[in-house]
Amino acid sequence: MTLRDRPVLYRFCAEELAAALHNALFQRFIEALTRGSRPIEMHSDDPKRFINDMLAWVHQALASERELLENLFGDDNSGDLGGVGVSEAGEIPSSAHPVTRDEKMQNESVVSVEELLDSVFQSVCRPLKVRIEQVLIASPTVLLCFELSQLLAFYLETIGGLAGQRCQIVAVLRGCKEMASRTFQELLRARCDKLLRNAPVVPQDLSAPQQVMEIVVQLGEVAAAHGSSTTASPDESSLSDVVSSTVDLLVEVCEQTSEALSPDAPTRVDEAASMDPAVQRSFLVNCMDAIHGCLADHPAARGRAAGLANAIEGHLEALATAGVANVLARCGMAEIVSRVAEYDAAEPGSRKMASDPALGLSRVSSAMRAFFLDVSRPEALPEFREVLAPRLRTGAAGRVAAALAEAYEEVYSAVGRAENGYGPEGGVERIRHTPAQVRTILCVS
């Protein structure tokens, strides 16, 4: 008769072996942490390496202990060490004959490799958990918290594949990984909330505030660390949400800060009697462009970066529209362009354009001549110098020039159409400069 034929004694021996391995493993882990020529705790000042070395030691020990148990008791893929096998659902397969008392005792005495490994590695759960939590409590950086969550996610998957998902060491790693992810998000949120409570001062050059850029740089580092990771981390689906929510808060901080640049704001940053309303939008463009530049190249942030690009586009369009309106108003063309657009949209055969006092030929030609002279001056068009990015500044100026050329051409075309009442052949002979000349002056192709 072999030991396997005595299931109760067989289980007792397996559990006693597990207890001995339990105590031995604890001693080996403590010695690896504190003794030898290169103890693991020697690198406690480098938290990432410290935790990685501990987890690597646990992983190696787990592989060795599992191999030992399988060699002693046999490698059974069902996870049972002797006795009657059990199904994956934990049910005893049915048989043609009733279960006898001996078979019932044998089934109750079944023990698995995963159960023994769980018993053995409970010894290192507490010291491992305490040391990981100490690192997470000791005010780590945002990047370190994220890197630790990635590291813990990798070992959670690796160790879970060896020990089984119900093993206590896996539960400890899962809890530590969740703590690292939670700490990472809380640190980001706390820094953004602090800026919302105390909005930073607008820099003199209207660039993004340093406090905002510090958080943006950290986000970029986190996104870079995620992109360079070779593991399939559970954080992959949630990182984009974290980046999006953080960027939303940073944009809110910038908008709150920009209120000091509003002409009617109670807290003004200038000492002059007036302020250009475009300055506030220029500041927001600078902030959003700085955030966009740090995040656009990272896959986890591309979705939110696209939203920032659309917001920048909207602010530039508003700046260009305001610039066009200023130029048209300065030379007396604003009302003419507006009235021409109304007549073009009206029903055919209604009141003729020439009969409108605001669109008399002499007034229109005089305004168009003043327009040409005005845009011929080098300093006539807005240059948007407050916008720091050259490509955005050039783009906004180009929009203004194109919109002005289009407005001039619309009025010129309306005056030249006979049905508008300016004469059988139109009134363009009274207008000295053609749309082509205006486009040349404005450098519009």
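What nm value, rounded to one decimal, do you get for the distance between Ser244 and Leu9 when each label is placed 7 Å out toward the C-beta? Going from the Ser244 label point to the Leu9 one covers 6.5 nm. A Förster radius of 41 Å combined with the Cβ-Cβ distance from Ala418 to Asn326 puts the calculated FRET efficiency at roughly 0.80. Scanning residues 5 or more positions from Glu386 or on other chains, none has an amide H under 5 Å from its amide H, with H placed 1.01 Å from N in the peptide plane. Each label point was placed 7 Å from the Cα along the Cα-to-Cβ direction; for Ser44 and Asp344 their separation is 7.7 nm. For segment 331-442, the relative contact order comes to 31 percent (Cα pairs under 8 Å, sequence separation of at least 6). With a simple spin-label model that places each label point 7 Å from the Cα along the Cα-to-Cβ direction, the separation between Gln134 and Arg197 comes to 3.1 nm. Ranked by the mean number of other Cβ atoms within 10 Å of their residues, highest first, the peptides 125-137, 316-328 come out as 316-328, 125-137.
Quick note: the coordinates plus some simple rules give every number you see, no bench work behind them. All of these numbers come straight from a predicted model, not from anything done at the bench. No Cβ is skipped: glycine too gets one built from the backbone with ideal geometry, and neighbour counts run over all protein chains shown.
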